[in-house]
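For reference, the structure is listed below as structure tokens.
Just so it is clear, none of the values below were taken in a lab; they were calculated from the coordinates. Fair warning: this is a prediction, and the values are worked out from it, not measured in the lab. Neighbour counts run over all protein chains shown; Cβ positions are idealised from the backbone, glycine included.
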Amino acid sequence: MKTLRHLGGILLGSIALLFGVSFLWATLDPQPDLPRWKALLFALTLGGLPGLCAAGLLKSSITAVRQRCCPGCGSDEQAPAGLMLKRSNWWAREFGGVILASLWGASREKQVRCVRCDNLYFTETRGTRIAGILLWMVILWFVMAEVLDSLQAP
């Protein structure tokens, strides 16, 4: 059930992102086919409602990040590792640009050091969970944009 709520929240968030960007695109058009107040109404209803539903579905998965205990001694006391790690991926940078590469790096688990036994291990934080959700929203948004673009092509 938790996975379905997470996937549903990502899907609704991507839909809200798609309508939000389309509203911005419509407002930047110098000769719009649709009046700006109608475009705003569509963006608020078709983009705002899925955005609120996505926030409601994803709230519990963002706030319920459990702190991982040390695999060596079982202690929950941790400190930042202080090691510089490479947080980018070549395919994310090549195919998605700076935004996708940044979200990819921010969504990776953070390395921490156990205070008691000095063991290094990876753990998930609230920031990595939020960046992971945003990463999948952007990927799904790109896929939806490509599908919609291929449907409009003659």
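At 222 nm, what value in deg cm²/dmol follows for the chain if DSSP H runs of at least 4 each add -39500 (n - 2.57) and the sum is divided by all its residues, to the nearest 500?
Numbers: 5 runs with 95 residues, N = 154.
Helices in the chain give a 222 nm mean residue ellipticity of -21000 deg cm²/dmol.
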Using a Gaussian network model of the chain with C-alpha springs under 10 Å, which one of Leu34, Leu140, Leu120 is most mobile by mean-square fluctuation? Leu34
So how tilted is helix 126-152 from the main axis of the chain? Cα-based, degrees 0 to 90, rounded to 10. 30
Over all Cα pairs of segment 13-104, how is the pair count split among 10 Å bins, expressed in % and running from 0 up to the last occupied bin? 13, 21, 28, 22, 10, 5, 1
Taking the Cα atoms only, what angle lies between the long axis of helix 90-107 and the longest principal axis of the chain, rounded to 10 degrees? 60
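Between Lys2 and Asp76, what FRET efficiency comes out of the Förster formula 1/(1 + (r/R0)^6) with R0 = 30 Å and r the beta carbon distance, rounded to 0.05? Display every interim value, and only then the final one.
Values: r = 23 Å, r/R0 = 0.76.
For Asp76 and Lys2, the calculated efficiency is 0.85.
So if the hydrodynamic radius of segment 1-64 is defined as the Kirkwood radius over C-alpha pairs, what does Stokes-Einstein give as its diffusion coefficient at 37 °C and 0.692 mPa s, in µm² per second?
On the way: Rh = 12.5 Å.
D, rounded to a whole number, is 262 µm²/s.
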Relative contact order (percent) for segment 1-64, with alpha-carbon contacts under 8 angstrom and 6 or more residues of separation? 55
Crossing angle, helix 49-63 versus the chain [Cα axis fit, 0-90 degrees, rounded to tens]: 0
Report the relative contact order of the chain, percent, no decimals, based on alpha-carbon pairs under 8 angstrom and at least 6 residues apart. 24
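Given the chain, what count of lysine pairs have C-alpha atoms under 28 Å apart, with each pair 8 or more places apart or on different chains? Walk me through the numbers on the way to the answer.
Details: Lys2/Lys59; Lys2/Lys110; Lys59/Lys110; Lys86/Lys110.
The result is 4.
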The chain - Cys residues lacking any other Cys C-beta under 4.7 Å: Cys53, Cys69
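Starting from the Kirkwood radius over alpha-carbon pairs of the chain, derive D by Stokes-Einstein at 25 °C in a medium of 0.890 mPa s and give it in µm² s⁻¹.
On the way: Rh = 18.1 Å.
Rounded, D is 136 µm²/s.
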With eigenvalues of the C-alpha gyration tensor scaled by 5 and rooted, segment 86-154, Å: 34, 12, 7
